[in-house]
1. For region A:299-457, place one equal point scatterer on every Cα, skip the solvent, and apply the Debye formula. What is log10 of I(q)/I(0) at q = 0.13, 0.18 Å⁻¹?
2. Report Rg (one decimal) and Dmax (nearest whole number) for region A:222-291, counting Cα atoms only, units Å.
3. What distance in nm separates the two pseudo spin-label positions at residue A:6 and residue A:191, each 7 Å out from Cα along the beta-carbon direction?
4. Treating only the Cα positions of region B:126-239 as identical point scatterers, give the base-10 log of I(q)/I(0) from the Debye formula at each q in 0.11, 0.14, 0.18 Å⁻¹.
5. How many Å³ per residue does the convex hull of the Cα positions in region B:13-353 occupy?
6. Please compute, for peptide B:335-348, the average count of beta-carbon atoms on other protein chains lying within 10 Å of each residue's beta-carbon.
7. Please list, short to long, the whole-number percent of alpha-carbon pairs of region B:51-130 in consecutive 10 angstrom bins beginning at zero.
8. Points 7 angstrom from Cα along the Cβ direction at residue A:146 and residue A:298: gap in nanometres?
């Protein structure tokens with residue numbers, strides 16, 4: 001069965017593997033080069049081939065229309081070449097003269113093969129080829145349409161910066177660089193995706209990130225077998241722990257300030273071109289309960305908020321399951337007054353408590369998902385309908401008990417407090433409802449045990465996911481986990497993630 | 001010998017303390033001697049002395065063969081001898097796991113679900129434990145450490161809630177019936193400390209000062225046992241001895257202000273501790289079988305062990321649960337002595353002088 005399933009998956013996902021040909025060198029005969037380009041790029045209308053003569057040599061400027069800034073092309077490439085007075089006659093000498101004396105742009109490099117030339121053109125670079133020269137010149141004049149830097153949408157901060165990453169990863173690098181003007185900040189580029197050739201930037205502080213982690217990150221990205229990479233999420237599974245867990249051991253953020261803070265602790269941040277979210281490794285479970293505002297508030301309030309988040313997590317995962325377990329098996333633990341009220345309410349509903357809980361949470365998730373995906377104006381309408389139908393009509397009709405509705409509301413609000421882990425929490429909630437309904441408190445504790453051991457088994461680039469709780473590091477625990485020390489103490493020494501490995 | 005992952009001695013300390021606290025927590029009057037409640041205090045001291053006595057060979061093992069378990073030491077004599085030892089230890093750990101499961105089953109079927117068949121509940125417990133065991137020793141060590149923290153927090157809370165019910169009149173005169181009941185109870189408590197064998201088995205898988213951790217474990221056992229008995233008998237007096245699970249009775253009766261029914265907390269830590277202990281024992285069974293037989297069958301050993309203890313517990317639940325509670329003190333003592341004294345003595349004696357020869361051969 002397992003073999004059959006595996007073969008079926010392989011059959012439908014099989015990719016034709018063509019042997020990788022060696023890169024084609026730039027020929028001295030320019031016509032051959034242009035034929036190669038046209039064969040590779042086909043009849044795409046956006047690829048422009050500007051034929052010209054430099055001295056007596058035929059030359060081509062090749063560019064992708066939508067990806068380049070036409071003004072820059074004219075100012076930095078075309079005009080200087082056309083108006084050059086002391087242009088040599090020999091093609092290689094012309095190329096050297098243009099490179100060293102003519103072009104006013106800083107972002108330029110030599111190209112030695114046609115495959116690189118094609119990739120550069122598709123990245124928004126103008127490539128110059130001259131008949132008789134076996135080297136090309138690439139001019140960085142990118143100018144594609146992009147979104148400007150805006151406020152973060154998913155990580156709203158009360159007192160943090162109003163800047164979030166955008167889709168252009170060069171802008172994202174600049175957002176980080178602007179905050180950390182230190183030579184230790186390193187940004188290394190790799191390409192992933194056989195077809196998309198998506199650029200990925202591995203960012204870290206050279207004096208803090210472990211060399212082993214950096215190498216492993218690069219290695220894993222290099223080995224990622226992907227055809228097209230359209231988002232950071234595509235790369236996440238390649239950076240995850242070997243142990244399967246519902247909680248991701250790869251963090252993500254859309255805030256450059258958080259990315260800087262993570263790098264300062266020795267972590268590696270990965271920016272993916274086209275995605276306004278950065279990936280962070282190694283990432284600990286406890287980081288799901290931290291936000292940048294914790295460091296902007298006074299320590300006592302930050303500590304309070306942290307505890308509140310842990311409590312909210314417990315409520316959002318366990319409350320519905322516990323409610324189902326108590327109502328189904330352990331009514332004796334409720335105080336008498338509460339027991340009567342709950343029993344009266346539950347007795348008029350037609351469904352068992354477990355089914356009722358699953359049903360209403362299911363409806364809630366549908367309403368949430370609809371509100372999220374619909375246009376904003378319709379989204380509000382969906383929320384109103386959901387609230388009216390579930391909140392009022394269902395209770396009035398006697399389909400759902402009011403205490404259950406309170407439990408759902410509390411759970412829903414609590415789960416948004418720890419929004420970074422909303423998805424695993426929502427699945428776990430359903431699991432615990434079923435467990436609570438079938439095996440009561442006994443099953444819930446066992447479920448908690450399984451969840452705990454699973455979390456304890458996860459290692460993220462050598463660091464236990466549950467650090468600094470298990471293995472316990474008292475220093476880190478009292479420094480910045482359940483409570484946060486004042487900056488007067490916190491600022492003296494930066495915690496390095498490698499110190500939590502054992 | 002393969003390179004095994006290691007945990008810190010303090011994680012092992014946490015798991016073993018949790019295991020011993022579970023044994024303490026599941027203390028039941030079923031099959032126990034009738035004795036004065038104050039006699040439990042000297043019995044704990046006596047139990048600690050006996051544990052130290054039973055641990056003499058463990059200290060010898062730690063001193064002469066640091067970082068090696070009995071299977072490794074037996075290997076100096078012959079691979080076949082090593083295999084025999086590993087099978088014997090695996091069977092012992094399987095029996096301890098079965099006893100833990102039997103105690104949990106008794107608790108579940110009498111306190112949590114008195115009117116429900118426990119087969120399904122046993123199955124899910126063992127399935128959960130098998131999964132945790134398959135995650136490896138590092139995961140178990142960390143789970144044990146977190147569970148011990150939760151255990152300590154919940155237990156302190158219950159004891160704090162019980163504090164105002166303490167009445168010194170509840171304590172009976174010590175040694176009213178002579179010293180014998182204390183000695184007998186001490187022997188019973190000592191022979192229920194399978195942690196000595198577990199500790200010896202874990203020596204190759206821990207890093208740090210094992211002797212220090214073991215001393216801390218004994219001190220923690222002494223302190224926690226005395227504290228528990230103080231609160232149980234100080235709060236409930238003789239009533240405690242009429243209850244099937246006296247410590248659970250304490251939790252039911254303790255209260256602070258409007259907060260009541262702390263038995264939920266106790267039930268939670270009880271189940272969690274049992275889960276950790278059974279997982280740990282299944283891991284040990286698998287680890288010993290891996291050592292001497294096919295190493296790649298780790299998960300198969302765990303699964304088969306799980307199926308075995310579930311089947312025995314489900315099909316022979318009545319007789320086995322009863323057996324574990326009523327098994328004669330001397331029978332238990334003999335079994336315990338075999339694994340803490342006789343077996344280590346034989347292995348250490350058999351390996352005497354062989355280690356030097358083997359090391360010499362390997363050097364050459």
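None of the figures in this text is laboratory data; all of them are computed from the coordinates on show. These numbers were taken from a predicted model, which means no experiment stands behind them. Note that each Cβ is placed from the backbone with ideal geometry, even for glycine, and that neighbours are counted across all protein chains shown.
1. The computed values of log10 I(q)/I(0) come out as -0.67, -1.16.
2. That works out to 12.1, 35 Å for Rg and Dmax.
3. Distance between label points: 3.3 nm.
4. Here log10 of I(q) over I(0) equals -0.56, -0.85, -1.15.
5. Values: hull volume 43.3 nm³, N = 341.
That works out to 127 Å³ per residue.
6. Values: counts 0, 0, 0, 0, 0, 0, 0, 0, 0, 0, 0, 0, 0, 0.
Rounded to a whole number, the mean comes out at 0.
7. Spelled out per bin, shortest first, that is 16, 29, 23, 20, 11, 1.
8. 4.2 nm
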